[in-house]
Amino acid sequence: MTENNKFPIVHLINAPENPLKTIYLACRTCYSAQYPHEIWEKDVEPEKMLKLVRKVLQSGHHSTIEHCQYTFTISGVTRACTHQLVRHRHMSFSQKSQRYVTEQGQFEYITPPTIKTPELKQEYDGLMEQIAKFYDRMIEQGIPAEDARFVLPNATTSSLVTSLNLREMIHLANLRLCVNAQHEIRKLTKKMCGLIIEKEPWLAEYLVIKCDKQGYCDEIKSCGRFPQQVK
Ligand SMILES: Cc1cc2nc3c(=O)[nH]c(=O)nc-3n(C[C@H](O)[C@H](O)[C@H](O)COP(=O)(O)OP(=O)(O)OC[C@H]3O[C@@H](n4cnc5c(N)ncnc54)[C@H](O)[C@@H]3O)c2cc1C
């Protein structure tokens, strides 16, 4: 398949019911003589909750947002992309195994959008076909899937379930929405952020590129949106 707007396919399957109130509760508990359940039982205006939450987050008290957990299903992403995603150590993953699931027949792969000319695309597809044939031959000759997969390219698609808390989601957005991040993980992160913001528009101010938050760029290769400050 050629990469297009449909991919990656991302669904938010679990999200906290009341994240603002949960974070507010975490913040208030730190500064209140009341029991936390008493704070929880009170109705508080969203604006008031947001004011405190913003103040606490500005002061760097980020453990308060770790109470909000999100679960996504992701498919139609390359192994090149998932390899980058799994570098995020506060995310939990369950990914389709290339040991237990064989890729017989033409395996699903993605063509990057930079492959534009018909000649190059034809060559690319031809190579994928050749790999698939050789992979199949290995499986038929009794090579275990865990070894036959050695020939599968980074372009092979994968599926996974991933969970992360809001603190890590913000960190992921800060790093992976940047133009210096690879286009596929950038697209994936944008979709993940979009699904959360759809439910909780107030989170839009946090699910941003780090330069939007910092007011400067600390990347070695800057896109020029903000003045560069490389330490
Ligand atoms: C544009 C871009 C280019 C990249 N290029 C490369 C590359 O060429 N090669 C490469 O190998 N990687 C590369 N990476 C991956 C990068 O080095 C990180 O591994 C990845 O972004 C995960 O980030 P993290 O470690 O901050 O976050 P997470 O693992 O998500 O952790 C979040 C935060 O928790 C804290 N933390 C987590 N674990 C520890 C720990 N063990 N000790 C102390 N604090 C911890 C840190 O504050 C960390 O920032 C790139 C990433 C980006 C965004």
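Taken together, the values in this text are just the output of simple stated rules run on the coordinates, not laboratory data. These figures come from a predicted structure and were not determined experimentally. Because the Cβ atoms are built from the backbone with ideal geometry, glycine has one as well, and the counts that use them run over all protein chains shown.
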Based solely on its DSSP helices, what 222 nm [θ] is calculated for the chain when runs of n ≥ 4 H residues each add -39,500 (n - 2.57) and the sum is averaged over all residues, nearest 500 deg cm²/dmol? -13000 deg cm²/dmol
In whole Hz, the Karplus estimates of ³J(HN,Hα) for the stretch 172-180 (6.51, -1.76, 1.60; θ = phi - 60°; x where Gly or Pro) are 4, 4, 3, 8, 8, 8, 5, 5, 6
Modelling each spin label as a point 7 Å along the Cα-to-Cβ direction, I'd like the residue 214/residue 94 distance in nm, to one decimal. 3.6 nm
Sorted on mean Cβ neighbours within 10 Å (highest first), peptides 116-122, 141-147, 76-82 come out as 76-82, 141-147, 116-122
With x for Gly and Pro, the residue-by-residue ³J(HN,Hα) of the stretch 13-27, computed from phi through the Karplus equation 6.51 cos²θ - 1.76 cosθ + 1.60 at θ = phi - 60° and given in whole Hz, is 9, 9, 8, x, 6, 9, x, 4, 5, 5, 5, 4, 4, 4, 5
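Of the listed peptides 87-100, 172-185, what is their order by residue-averaged count of other C-beta atoms within 10 Å, with the highest listed first? Intermediate results must be reported in sequence, preceding the final value.
On the way: 87-100: 12.6, 172-185: 18.6.
Result, highest mean Cβ count within 10 Å first: 172-185, 87-100.
Semi-axes of the stretch 1-109's equivalent ellipsoid from the Cα gyration tensor, sqrt of 5 times each eigenvalue, largest first, rounded to whole Å? Let's see the in-between values first.
Values: eigenvalues 334, 39, 34 Å².
They are 41, 14, 13 Å, listed largest first.
Starting from the exponent 0.38 and prefactor 2.2 Å, build the expected Rg for the chain from its residue count and divide its actual Cα Rg by it. All intermediate terms of the calculation are to be shown ahead of the outcome.
Details: Rg = 21.9 Å, N = 231, 2.2 N^0.38 = 17.4 Å.
Compared with the compact-globule rule of thumb, the chain sits at 1.26.
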